[in-house]
Amino acid sequence: MSVDVQRRLDELRASIAHHNERYHTLDAPEISDADYDALVRELRALEADHPELADATSPTQAVGGPISSTFAAVEHARPMMSLDNAMDADELRAWAERVGRGLTAATEDAAVGQDGDGDVEADSPAPPVVEYVCELKFDGLAISVRFEQGRFVQAATRGDGRVGEDVTANVATIADIPHRLSTDAPPDVLEVRGEVYMTRSSFDALNARAEAAGEPHFVNPRNSAAGSLRQKDAAVTATRDLSFWSYQLGEVVGARAGEFATARHTELLAALAALGLPVNDHVETFSSIDAVVAHCLSWQERRHDLDYEIDGVVVKVDDIVQRETLGSTSRAPRWAIAYKFPPEEQTTLLRDIQVSVGRTGRATPFAVLEPVFVGGSTVSMATLHNEDQVQVKDVRPGDTVVVRKAGDVIPEVVGPVPSLRPAGSVPWSFPTHCPSCGNPLVRPEGEADTRCVAPDCPAQRDQKIAFFAGRGAMDIEGLGEQMVEKLTAAELIRDPADLYTLQLDELTALDRVGATSAGNLLASIDESRGRPLPKLLTALGIRHLGPAAARVLTAEFHTLDRVMAATPEELAAVDGVGEVIANTVTTWFALDANREYLERLRSGGVSFGDADAAAAADVASSLSQTLEGRAVVVTGTLANFSRDEAADAVIARGGKSPGSVSKKTLALVVGDSPGSSKLTKAESLGVPILDEAGFEQLLATGELPDGTA
């Protein structure tokens with residue numbers, strides 16, 4: 001047994017050392033954080049069960065990884081330690097219990113010492129009160145920044161915890177880090193620890209530049225930040241838009257050092273902010289571990305609300321004296337722990353690469369995966385985007401791949417783990433013919449997408465129907481892709497218009513479709529007949545015409561017939577439409593086949609919009625545009641207009657009726673019981689104030705009455 005255990009220990013130690021170098025030194029990890037954490041946890045468990053096989057050189061006794069020879073070495077005055085992890089609420093509570101036991105034992109030892117005879121008095125000291133401080137766990141690169149006499153002089157990576165890499169020139173390009181502290185009397189030496197990271201928006205911009213230059217995409221913000229910080233040329237780092245958060249002190253030397261020996265960590269963060277160092281806003285304190293758990297779970301749900309990536313919450317004991325009592329292990333403090341969020345990256349086997357054809361004919365490669373739980377759900381398929389992305393990532397069937405699923409984003413394959421690629425593997429080739437209809441696939445020159453252009457392609461037909469029934473379109477519950485395939489295979493429908501002729505007996509004749517589910521589907525189809533026009537416009541699947549443009553077209557024209565009758569110039573003139581959408585819309589409506597399809601929808605009882613609203617719009621358009629482009633605000637109660645009617649009267653004459661007063665407001669109309677804030681603001685800005693009679697004159701003439709205040 002011990003031979004097998006020793007063999008597994010050796011395997012784990014070698015594997016973890018390899019991945020430490022890939023992550024910390026080369027900024028090119030081969031496995032996900034979750035898989036790495038699993039290896040470390042297994043190694044720690046084995047070492048705990050077999051202390052006789054302990055090894056001082058084990059990765060569990062080290063921090064970080066080896067430093068790169070590219071940069072000069074910097075020895076840290078105080079070690080830059082790592083953090084232990086809690087993977088769930090139970091492990092977080094277990095850590096809090098250890099903290100409590102450690103502080104209680106120290107208090108009792110002190111009491112025994114004071115008693116003098118070695119006996120603990122009958123009434124033992126009360127359990128210590130622990131205040132916890134919670135900070136976000138940034139997914140970046142830990143660094144040390146050193147100031148001497150208030151001036152920035154050096155920056156170093158964590159490295160192995162004792163020795164890091166000198167990245168001073170690169171860190172000097174980060175705008176968040178001041179070159180001089182905001183104080184006239186700084187300590188002789190002030191070393192600050194924190195995290196260099198890249199925001200999501202900066203990462204997206206970086207990838208956009210890479211794509212424009214024909215270069216491979218960057219994998220994720222963390223690796224991009226680390227790679228940017230380790231550029232040989234600091235000018236390259238300066239183009240990467242890196243950021244920094246400070247969260248801890250290292251060495252402090254000099255007359256003012258005592259000022260930073262604060263009683264609490266939260267006070268220290270305030271002191272760092274006062275010096276001009278960036279401190280994250282999301283720092284909170286709690287007096288119970290239950291409140292800490294609730295806070296961590298809350299951020300787990302909100303992790304994508306930020307413009308930077310976080311992978312957990314760091315929980316610390318706030319009291320500095322209690323921290324000193326608890327101390328540290330060889331690699332991590334006992335007074336802090338990182339609550340890790342469920343992984344959004346995992347590794348799994350890529351079984352196959354297949355191609356799906358969408359409603360527009362676009363052929364999209366996707367990965368068929370060994371099912372893996374990632375980002376809160378089990379994933380068995382993931383997008384590979386297009387032919388170029390498959391080639392850039394060089395993923396192949398049989399590869400072990402990293403899969404990412406951030407929030408509600410569609411799962412994607414990040415890349416392969418080259419060291420685990422099977423022998424004899426060959427690159428995957430994009431198919432030349434449509435997997436659905438067998439016709440040749442076409443990739444237009446200058447485009448990234450490959451398409452099936454066959455008009456009778458079954459895959460395109462099914463996807464168009466499923467899109468029409470989707471939640472963002474006509475929202476027909478129970479009409480998913482599988483039901484669509486059943487209906488088309490039975491030749492009951494060939495396009496969405498046929499849905500409105502389906503009969504109950506036709507549906508129940510299908511395999512595994514009962515009377516109840518068939519009735520529910522027919523009821524949902526019937527309900528869809530009355531969907532608002534923006535839903536129908538979206539459901540038609542006209543290229544470039546999305547929900548937003550559908551809404552503004554409806555607001556302008558009110559009925560589908562009026563949209564069809566509009567010229568390209570009239571459509572393009574609608575704010576939010578433009579020439580591209582206008583041209584695709586008019587081209588689509590000009591096709592006889594599409595016109596015939598629309599008439600079948602009309603015959604099926606599908607609503608084509610609000611004719612009454614269109615008539616009202618015609619009346620409004622006949623009014624003189626006396627207020628074109630000008631804003632009139634109404635407050636209080638008018639005798640002859642409701643609030644909405646007053647706003648409509650302004651808009652019908654080409655004006656705007658915002659809810660607040662500004663310098664651009666033409667006039668404020670004041671009725672009975674007006675809002676005092678609007679009136680006060682209008683008076684302070686010198687905006688003319690009208691009564692109802694003045695408002696009616698303004699509507700008629702577009703001119704302010706004589707003598708208006």
Query raised in the report: How about region 282-401: which strands (runs of 3 or more DSSP E) wholly inside it have at least 2 residues that are under 22 Å from Trp428 (Cα atoms)?
Result: 345-357, 362-374, 377-383
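Can you find, within region 241-263, the residue that is nearest to the chain's Cα centre (by Cα) among those that are part of a helix (DSSP H, G or I) and of a type in the set (A, V, I, L, M)?
Just the residues of region 241-263 that are part of a helix (DSSP H, G or I), to begin with: 255-260.
Narrowing further to those that are of a type in the set (A, V, I, L, M): 255, 257.
Working: Ala255: 45, Ala257: 41 Å.
Looking at the filtered set, the residue picked out is Ala257.
For region 650-681, what are the residues that are touching a residue at least 40 places away in the same chain (Cβ under 8 Å) and within 42 Å of the chain's Cα centre (by Cα)?
Within region 650-681, Val650, Gly675, Lys678, Leu679 qualify.
Got a sec? Which of Gly472, Gly514, Gly446 is of a type in the set (Gly, Ala, Ser) and closer than 30 Å to Gly214 by Cα? Talk me through it step by step, then tell me what you get.
Numbers: Gly472 fails: closer than 30 Å to Gly214 by Cα; Gly514 fails: closer than 30 Å to Gly214 by Cα.
Among Gly472, Gly514, Gly446, only Gly446 is of a type in the set (Gly, Ala, Ser) and closer than 30 Å to Gly214 by Cα.
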Query raised in the report: Given (1) more than 30 Å from Gly102 (Cβ to Cβ); (2) buried (at least 16 other Cβ atoms within 10 Å of the Cβ); (3) polar (S, T, N, Q), where does Gln149 come up short, assuming only one miss?
Result: (2)
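Here's the yes/no breakdown for (1) without any contact (Cβ under 8 Å) to a residue 60 or more places away in the chain; (2) over 16 Å from Leu601 (Cα atoms); (3) of a type in the set (Gly, Ala, Ser):
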{"position": "Ile525", "(1), (2), (3)": "yes, no, no"}
{"position": "Arg529", "(1), (2), (3)": "no, no, no"}
{"position": "Leu533", "(1), (2), (3)": "no, no, no"}
{"position": "Gly541", "(1), (2), (3)": "no, no, yes"}
{"position": "Pro547", "(1), (2), (3)": "no, yes, no"}
{"position": "Leu553", "(1), (2), (3)": "yes, yes, no"}
{"position": "Leu560", "(1), (2), (3)": "yes, no, no"}
{"position": "Ala565", "(1), (2), (3)": "yes, yes, yes"}
Requested in this report: Evaluate region 372-393: report whether one residue or more is touching an Asp or Glu at 6+ places or on another chain (Cβ under 8 Å), under 23 Å from His19 (Cβ atoms) and at pLDDT below 90.
Outcome: yes
Query raised in the report: So which of Ser684, Ser662, Ser673 is in the same structural domain as Glu628 (by TED's automatic domain parsing) and touching a Gly at 6+ places or on another chain (Cβ under 6 Å)?
Result: Ser673
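In this structure, does Ala126 turn out to be at pLDDT 90 or above and not assigned by TED's automatic domain parsing to the domain that holds Val236?
Numbers: at pLDDT 90 or above: no; not assigned by TED's automatic domain parsing to the domain that holds Val236: yes.
So Ala126 fails the test.
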Report summary line: Within region 363-379, the count of residues that are under 30 Å from Arg461 (Cβ atoms) and buried (at least 21 other Cβ atoms within 10 Å of the Cβ) comes to 5
Query raised in the report: Would it be correct to say that Thr325 is surrounded by fewer than 21 Cβ atoms within 10 Å (Cβ to Cβ) and in contact with a strand residue (DSSP E or B) (Cβ under 6 Å, 6 or more places away or on another chain)?
Result: no
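Here are Ala274, Ala213: which of them is hydrophobic (A, V, I, L, M, F, W, C) and over 26 Å from Glu30 (Cα atoms)? Walk me through how you get there before you give the answer.
On the way: Ala213 fails: over 26 Å from Glu30 (Cα atoms).
The match here is Ala274.
Rundown of residues vs (1) among the aromatic types (Phe, Trp, Tyr); (2) more than 29 Å from Pro221 (Cα to Cα); (3) touching a residue at least 40 places away in the same chain (Cβ under 8 Å), yes/no style:
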| position | (1), (2), (3) |
| --- | --- |
| Val253 | no, yes, yes |
| Glu267 | no, yes, no |
| Ala274 | no, no, yes |
| Glu301 | no, no, no |
| Lys316 | no, no, yes |
| Arg331 | no, no, yes |
Requested in this report: Determine which single condition Ser201 fails, assuming it passes every other condition in (1) of a type in the set (S, T, N, Q); (2) out of contact with any strand residue (DSSP E or B) (no Cβ under 9 Å at 6 or more places or on another chain); (3) without any contact (Cβ under 8 Å) to a residue 60 or more places away in the chain.
Outcome: (3)
Requested in this report: Among the residues of region 553-573, write down those that are under 15 Å from Asp610 (Cα atoms) and assigned to a helix (DSSP H, G or I).
Outcome: Leu553, Thr554, Ala555, Glu556, Phe557, Leu560, Asp561, Arg562, Val563, Met564
Query raised in the report: Looking at (1) of a type in the set (S, T, N, Q); (2) at pLDDT 90 or above; (3) in contact with a strand residue (DSSP E or B) (Cβ under 8 Å, 6 or more places away or on another chain), which is the one condition that is false for Thr70?
Result: (2)
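Against the condition assigned to a strand (DSSP E or B) and either surrounded by fewer than 17 Cβ atoms within 10 Å (Cβ to Cβ) or at pLDDT 85 or above (or both), how does Val687 come out, does it pass?
Details: assigned to a strand (DSSP E or B): no; either surrounded by fewer than 17 Cβ atoms within 10 Å (Cβ to Cβ) or at pLDDT 85 or above (or both): yes.
In short, no.
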Query - Of all residues making up region 634-669, the number that are assigned to a helix (DSSP H, G or I) and in contact with a Leu (Cβ under 9 Å, 6 or more places away or on another chain) - result: 6
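From the list Val279, Val292, Val252, which one is in the same structural domain as Pro187 (by TED's automatic domain parsing), among the β-branched types (Val, Ile, Thr) and closer than 18 Å to Asp88 by Cβ?
Numbers: Val279 fails: closer than 18 Å to Asp88 by Cβ; Val252 fails: closer than 18 Å to Asp88 by Cβ.
Among Val279, Val292, Val252, only Val292 is in the same structural domain as Pro187 (by TED's automatic domain parsing), among the β-branched types (Val, Ile, Thr) and closer than 18 Å to Asp88 by Cβ.
Would you check if Leu190 is more than 29 Å from the chain's Cα centre (by Cα), at pLDDT 90 or above, of a type outside the set (Val, Ile, Thr) and over 26 Å from Arg240 (Cα atoms)? Full working, then the answer.
Numbers: more than 29 Å from the chain's Cα centre (by Cα): yes; at pLDDT 90 or above: yes; of a type outside the set (Val, Ile, Thr): yes; over 26 Å from Arg240 (Cα atoms): yes.
In short, yes.
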Query raised in the report: Out of region 482-528, which residues are of a type in the set (D, E, K, R) and either more than 36 Å from the chain's Cα centre (by Cα) or surrounded by 14 or more Cβ atoms within 10 Å (Cβ to Cβ) (or both)?
Result: Glu485, Lys486, Glu491, Arg494, Asp495, Asp498, Asp505, Glu506, Asp511, Arg512, Asp526
**Report entry** Unmet criterion (only one of (1) loosely packed, with under 15 Cβ neighbours inside 10 Å; (2) in a loop (DSSP other than H, G, I, E, B)) for Ala270
**Finding:** (2)
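The values are calculated or read from the model by the stated rules, or taken from the named source; none is laboratory data. Fair warning: this is a prediction, and the values are worked out from it, not measured in the lab. Note that we place each Cβ from the backbone using ideal geometry, even for glycine, and neighbour counts take in every protein chain shown.
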